[in-house]
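Written below as structure tokens is the structure these notes are about.
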Amino acid sequence: MVKALTLLVGWLLDIVFGDPARLPHPVVWFGRLISVGEHQLNRGQHRRLKGGLLAVGLILLIFATTWLLRTLLGVFALLIYDGSELHQIPLLLYLFDVIAIFYCLAGTTLIREVRQVFLALDRSLEEGRQQVARIVGRDTSELSAQEVRTAALETLAENLSDGVIAPLFWLMLLGTPGMLAYKMVNTLDSMIGYHTERYLEFGCVAARIDDVANYLPARLTALLMILPSLLAGHFSLFRFVCTNGRNHASPNSGYPEAALAGILDCRFGGPHYYFGERFDKPYIGTNPRELTTDDMKTAIRVNRTAEIIMVMIICIAASLGL
């Protein structure tokens, strides 16, 4: 019950506050570590080896540091135990877990950002481009209004996996050390996992680790997104996801994007520019219809529903001691 309670409290904090912009964030620290390592090592020969050592070393560092902190907090609780019921509970350890869960979940901030993209686009195309640039890695300066909306909804689907379901998945398997280590995996991929000339060799191992870490969570995310439709007997959506989920440069991102494209009956994918280089991504879906604000509202509702189902699954499993 305690594990379920810490999850619920951490998740509710994210629902209410989102990412705390004025407080130090672990992902920012992760990014600084990666940036320092990349500037020092991404040069000369053996870039793949050096990038791999950096990725594996940072992931293990975060896992070990988190495990050590939790162990020390548990030992501290034993040292101050005086036979009272209050001191029998390792409050600092549970508080640490709550804060870690709160920081690792990004569902509310992502939804806010996507909503702001659509509101900015209602004011002007240029504002929409500037707003969507906050949440996507592609070049946005030449995007049309439809491409801005598409980029925002693709990111909403993809980051439901990266920012919510995958962290919860690794929390369920390996506790908060696994959850924070996953955030390092994801941060490494978002910073150096690009197929550009600069990162192709150096970020190769980081990208592969991210692929492995997200393999099951991405497919679980898609299943959670379409679960209400499946329960209603709409099995064609499952076939759509299985067919179109492979239509992506990433072995994982296509599945949640295909789930949302199937729900909205729209088309994602196509050519994008990253750091001035063109990448032709396969299309997901076949209906190139104009996306609207109503589609954004539907997509947000789908995200929240999938998130709630995942939290409920983990809470039930924790309550049963699984």
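The values are calculated or read from the model by the stated rules, or taken from the named source; none is laboratory data. Quick caveat: nothing in here was measured; it's all calculated off a predicted structure. Methodologically, a virtual Cβ is constructed for each residue, glycine included, from the backbone with ideal geometry; neighbour enumeration extends over all protein chains shown. For accessibility, only protein heavy atoms count, side chains too; no ligands or nucleic acids. Shrake-Rupley method; radii C 1.70, N 1.55, O 1.52, S 1.80 Å.
Some values worked out for this structure:
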{"quantity": "Under 5 Å, built H, 5+ apart or other chain: amide partners of residue 281", "calculated": "270, 272"}
{"quantity": "Range in the chain, longest, excluding exposed GluC sites (Glu not before Pro) [loop by DSSP; at most 14 other beta-carbon atoms within 10 Å]", "calculated": "1-141"}
{"quantity": "Heavy-atom surface of segment 116-198, accessible at 1.4 Å and reported per residue (Å²)", "calculated": "38 Å²"}
{"quantity": "Alpha carbon convex hull of segment 12-138, projected area averaged over orientations, nm²", "calculated": "11.5 nm²"}
{"quantity": "Structure-based [θ]222 nm, the chain - -39500 (n - 2.57) summed over DSSP H runs of at least 4, per residue, nearest 500", "calculated": "-23500 deg cm²/dmol"}
{"quantity": "Rough spin-label spacing in nm, given labels placed 7 Å along Cα→Cβ, for residue 227 and residue 91", "calculated": "3.5 nm"}
{"quantity": "Theoretical gain in end-to-end length, residue 125 to residue 40 [0.36 nm per residue, Cα-Cα removed]", "calculated": "26.7 nm"}
{"quantity": "Test item: Cα-centred dipole of the chain, Lys/Arg +1 and Asp/Glu -1 on Cβ, debye", "calculated": "360 debye"}
{"quantity": "Computed lengthening from residue 289 to residue 198, 0.36 nm per intervening residue step minus Cα-Cα distance", "calculated": "29.2 nm"}
{"quantity": "Convex hull volume of segment 1-75 per residue (C-alpha atoms, cubic angstrom)", "calculated": "128 Å³"}
{"quantity": "Neighbour count of at most 16 Cβ within 10 Å plus DSSP loop: longest trypsin sites (Lys or Arg not before Pro)-free window in the chain", "calculated": "44-133"}
{"quantity": "Residues of segment 174-215 with amide N under 13 Å of a point placed 7 Å along Cα→Cβ from residue 48", "calculated": "200-208"}
{"quantity": "Length released on extending from residue 280 to residue 72, taking residue separation times 0.36 nm less the Cα-Cα span", "calculated": "69.9 nm"}
{"quantity": "Carbon + sulfur, % of accessible area of segment 80-231 - ligands and nucleic acids excluded, 1.4 Å", "calculated": "58 percent"}
{"quantity": "Cα extents of the chain along the three principal axes, largest first (Å)", "calculated": "67, 56, 37"}
{"quantity": "Probe 1.4 Å, protein heavy atoms only - accessible area per residue of segment 234-305 in square angstrom", "calculated": "50 Å²"}
{"quantity": "Count, lysine Cα pairs under 26 Å in the chain, 8 or more residues apart or across chains", "calculated": "4"}
